[in-house]
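> Got a structure here, written out as structure tokens. Questions coming.
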Amino acid sequence: MPTCLPLVLRRCHTCASERFRANGKFRVNANHKLIDAWLLVLCTGCGETAKLTVFERMNVRCVRPELLDRLHDNDLGLAAELLQDPVVRRRNRIALDWAGAWRLDTGGSDHLDREVIDIAVRFAARIPVRPVRLIAEGCGLSRAEVERLIREGNLVSGVRLSGKLSDGFTFTLKR
Ligand SMILES: [Zn+2]
């Protein structure tokens, strides 16, 4: 689950830093019936502000009033939702850096001493993480041990456990 907003990967034109931080501030500009909205992000190097387009030149009647309220309230939760929206990321040509912005909640480790356990992993946000790392942390194993269990067929899943995942998955661990 996320613990804070991820950093935004984008090159700063002032200082060449590649990371920006959102703090939940928006800018809304209404012109006659047309309305623009941006999420503001600050360069972590020099503090320069950049604008990420939420929408542009929308007819004000087409914008849900609830969304407008959240934009005007500088809603931090809305900033989180927008950064996780692939459409917003594509439109602004940004990627996210989730390092240090999430934690694993295992709900305790009572069950881990059983011979065979089935575990379901649920993502509260689409955070790309290595399953090997999650399994190691959640089951109190080293990454090398997790990789050995996979090789030996004692850790099996319907998904590929190498590489990164950002969707829920299940796995079975035999010891
Ligand atoms: Zn900068």
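> With springs only between Cα atoms under 10 Å, which of Arg114, Arg93, Arg143 fluctuates most in a Gaussian network model of the chain?
Arg114
> For the chain, which cysteines have no disulfide-compatible partner, meaning no other cysteine Cβ under 4.7 Å?
Here Cys4, Cys62, Cys139 come out as lacking a disulfide-compatible partner, given the Cβ-Cβ threshold of under 4.7 Å.
> Say R0 is 30 Å: what FRET efficiency, to the nearest 0.05, do Val129 and Arg57 get from their beta-carbon distance?
Efficiency for this residue pair is about 0.20.
> On to the next question. Among rounded, prolate and oblate, which fits the chain when a ≥ b ≥ c are the square roots of the eigenvalues of its C-alpha gyration tensor, a/c under 1.5 means rounded, and a/b larger than b/c means prolate?
prolate
> Continuing with the same structure: When a/c reaches 1.5 or more, the comparison of a/b and b/c decides; with that in mind, is region 1-99 rounded, prolate or oblate per its Cα gyration tensor?
Prolate.
> Tell me what the chain gives for mean residue ellipticity at 222 nm when only DSSP H runs of n ≥ 4 count, each as -39,500 (n - 2.57), the sum divided by the residue total, rounded to 500 deg cm²/dmol.
Taking each H run of at least 4 residues, the total per residue is -6000 deg cm²/dmol.
> To continue, here is another question. Output the relative contact order of region 38-175, whole-number percent, from Cα pairs under 8 angstrom with separation of 6+ residues.
Reported as a whole number, the value is 20 percent.
> Residue farthest toward the positive end of the dipole of the chain, with Cβ of Lys/Arg at +1 and Asp/Glu at -1: which of Pro131, Gly153, Leu68?
Leu68
> A follow-up question, please. Would you check the accessible area of Leu68, probe 1.4 Å, heavy atoms only, in square angstrom rounded to 10?
About 30 Å², ignoring ligands and nucleic acids.
> Right, another one. For Lys33, give me every one of the lysines with a C-alpha distance below 26 angstrom, ignoring sequence neighbours fewer than eight places off in its own chain.
By straight Cα distance, Lys33 reaches Lys25, Lys51.
> How much accessible area per residue does the chain have, counting only protein heavy atoms and a probe of 1.4 Å, in square angstrom?
Computed with neighbouring chains in place, this is 61 Å² per residue.
> While we're here: Would you mind getting me the FRET efficiency between Cys15 and Arg122? Use the beta-carbon distance for r and R0 = 30 Å, nearest 0.05.
After rounding to 0.05, the efficiency reads 0.20.
> 7 Å from Cα along Cα→Cβ at both Arg90 and Arg148: what's the point-to-point distance in nm?
4.4 nm
The values are calculated or read from the model by the stated rules, or taken from the named source; none is laboratory data. Just so it is clear, the structure is predicted and the values come from calculations on it, not from any experiment. Reconstructed Cβ throughout: ideal geometry from the backbone, glycine too, with neighbour counts over all protein chains shown. The protein model used for the area step is the full one, side chains on, heavy atoms only, and it has no ligands, DNA or RNA in it. Shrake-Rupley method; radii C 1.70, N 1.55, O 1.52, S 1.80 Å.
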